[in-house]
1. Just to confirm the number: angle between the C-alpha axis of helix 66-93 and the first principal axis of the chain, 0 to 90 degrees, nearest 10?
2. What is the spin-label model distance, in nm, from V73 to E7 if the labels are put 7 Å beyond Cα along the C-beta direction?
3. Take each of the peptides 28-37, 102-111, average the number of other beta-carbon atoms within 10 Å over its residues, and list them starting from the highest.
4. Tilt of helix 12-33 relative to the longest C-alpha principal axis of the chain, in degrees (0 to 90, nearest 10)?
5. Dividing the convex hull volume of the alpha carbon atoms of the range 51-139 by its residue count, what do you get in Å³ per residue?
6. Suppose only helical runs count, i.e. DSSP H with n ≥ 4. What mean residue ellipticity at 222 nm does that imply for the chain under -39500 (n - 2.57) per run, divided by all residues and rounded to the nearest 500 deg cm²/dmol?
7. Full extension from E54 to E109: what is 0.36 nm times the residue separation minus their Cα-Cα distance, to one decimal in nm?
8. For the chain, please report how many Lys pairs fall under 24 Å Cα to Cα, leaving out neighbours fewer than 8 apart on the same chain.
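What follows is calculated from the coordinates using simple rules that are stated; it is not laboratory data. Predicted model, so just to flag it, every value in this text is computed and none were measured. When we count neighbours, we look across all protein chains shown, and the Cβ atoms used for this are built from the backbone with ideal geometry, even at glycine.
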Amino acid sequence: MLKEFKEFVMRGNVLDLAVAVIIGGAFGKIVGSLVNDILMPLIGLAMGGVNFSELSITFNESVIKWGAFVQTVIDFLVIALVIFLIVKAAKSMKKAPAPAASAEPTTKECPYCFSTISINATRCPNCTSELAVAKMMQK
């Protein structure tokens, strides 16, 4: 059972996912600090010295902290923008698929009746005319 667990954990997908989760958590903390410590104070300053983390509405004894919600929405938008830019950059780095090599033609047109026939045909199956290529092959 321990051997199976080790094989499961050591598979590439599981390790990649673990690294992604750890980096994502660290990135989330960086973005949270950017929003809370840099962007929101600047936005608050531009709005006349408003501190968004303290904005709230009180109903009876319930406190709705809508300023904290605005900060969380801005966190999300910054993370979404960064992920969008990363995905866009990754797509632009990806090589375009090479154009498929043109295959040799397998059909041709009968010069007499203009129907489509096999490229190896010596006689047209529609008008029964002998084809010029076939005459050259016989010589």
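1. Its long axis makes an angle of about 30 degrees.
2. 5.1 nm
3. Working: 28-37: 14.6, 102-111: 9.8.
Highest mean packing first, the order is 28-37, 102-111.
4. Between helix and principal axis, roughly 40 degrees.
5. Once divided by residue count, the hull of the range 51-139 is 211 Å³.
6. Values: 5 runs with 73 residues, N = 139.
So the calculated ellipticity at 222 nm is -17000 deg cm²/dmol.
7. So the chain would gain 11.7 nm between E54 and E109.
8. 4
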